[in-house]
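Only the coordinates and a few stated rules stand behind these numbers; no lab work does. Only a predicted model underlies this, so the values are computations on that prediction, with no experimental measurement involved. Positions of Cβ are backbone-derived with ideal geometry, glycine not excepted, and every protein chain shown enters the neighbour counts.
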Amino acid sequence: PEVKDMEVTYCADEAANFEITSLNDDVMVSGNIERYTFDWNISALNIPEDGGLQTTNEFDVVVTRITTGCTSEAHLTIYVNPDPEVKDVEAIYCTDEVADFDIASFNERVLASGNSEDYNFNWNAS
């Protein structure tokens with residue numbers, strides 16, 4: 001079977017439900033995956049803590065064609081980026097201060113660490 005090495009990147013929240021077999025199609029250059037077996041060296045993903053550093057996870061797969069027994073190997077590198085570490089913020093405003101209220105002024109305050117310019121903020125009323 002013709003296979004290829006791969007690199008993929010996930011955010012920590014996406015990686016939490018990761019199933020390695022979801023990449024069976026992706027390691028194949030061509031061919032119907034029903035004609036092959038995939039033997040992954042399975043271990044848990046190393047997922048970083050919120051606000052932590054990116055982790056690197058290495059896996060190998062042996063792909064076997066069912067009808068011939070011929071095999072090929074591929075290597076997979078998965079990078080997992082941490083989710084931003086955030087904290088709740090509470091503020092009290094007087095009625096006369098509400099007119100000048102700007103929600104973006106809280107961007108820096110909700111980050112537990114880091115520079116707000118490195119992130120996009122999508123505020124919603126709750």
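Would you kindly derive the ³J(HN,Hα) couplings of region 109-120 from the backbone phi angles with the Karplus curve 6.51 cos²θ - 1.76 cosθ + 1.60 (θ = phi - 60°), listing them in order in whole Hz, with x for Gly and Pro?
Coupling constants for region 109-120: 6, 7, 6, 6, 7, x, 9, 4, 5, 7, 10, 9 Hz.
Please return the longest range in the chain lying between exposed loop sites, taking GluC sites (Glu not before Pro), DSSP loop only, at most 16 other beta-carbon atoms within 10 Å, and leaving the sites out. Write down the numbers at each step before the final one.
Values: sites that count: E2, E19, E49, E85, E90.
Longest site-free region, per DSSP loop and neighbour criteria: 91-126.
Provide the net charge surrounding V62, with neighbours chosen by a C-beta distance below 9 Å and charges set as Lys +1, Arg +1, Asp -1, Glu -1.
On the way: positive: none; negative: D39, D60, E73.
In short, -3.
Around G31, under 13 Å between beta carbons, what's the net of Lys plus Arg minus Asp minus Glu among the other residues?
-1
How much of the DSSP beta bridge set in the chain is antiparallel, as a percent to the nearest 5? Before the final figure, lay out each step's value.
Numbers: 17 of 23 bridges.
The answer is about 75 percent antiparallel.
Using Cα-Cα distances under 8 Å and only pairs 6 or more residues apart, what relative contact order does the chain have, in percent?
Numbers: 187 pairs, mean separation 34.2, N = 126.
Value for the chain: 27 percent.
Dividing the alpha-carbon Rg of the chain by 2.2 N^0.38 Å yields what?
Numbers: Rg = 22.3 Å, N = 126, 2.2 N^0.38 = 13.8 Å.
Taking N as the residue count of the chain, the ratio is 1.62.
Given W123, V62, T21, which one lies farthest toward the positive end of the charge dipole of the chain, if we put +1 on the Cβ of every Lys and Arg and -1 on the Cβ of every Asp and Glu?
Result: V62.
Whole-Hz Karplus ³J(HN,Hα) for region 22-37, in order, using 6.51 cos²θ - 1.76 cosθ + 1.60 and θ = phi - 60°, x for Gly and Pro?
5, 9, 3, 4, 6, 7, 7, 6, 7, x, 7, 5, 5, 8, 9, 10
Region 1-85: which trypsin sites (Lys or Arg not before Pro) are DSSP loop and have at most 13 other beta-carbon atoms within 10 angstrom? List each step's numbers first, then the result.
Values: sites: K4, R35, R65; in loops: K4.
Passing sites in region 1-85 are K4.
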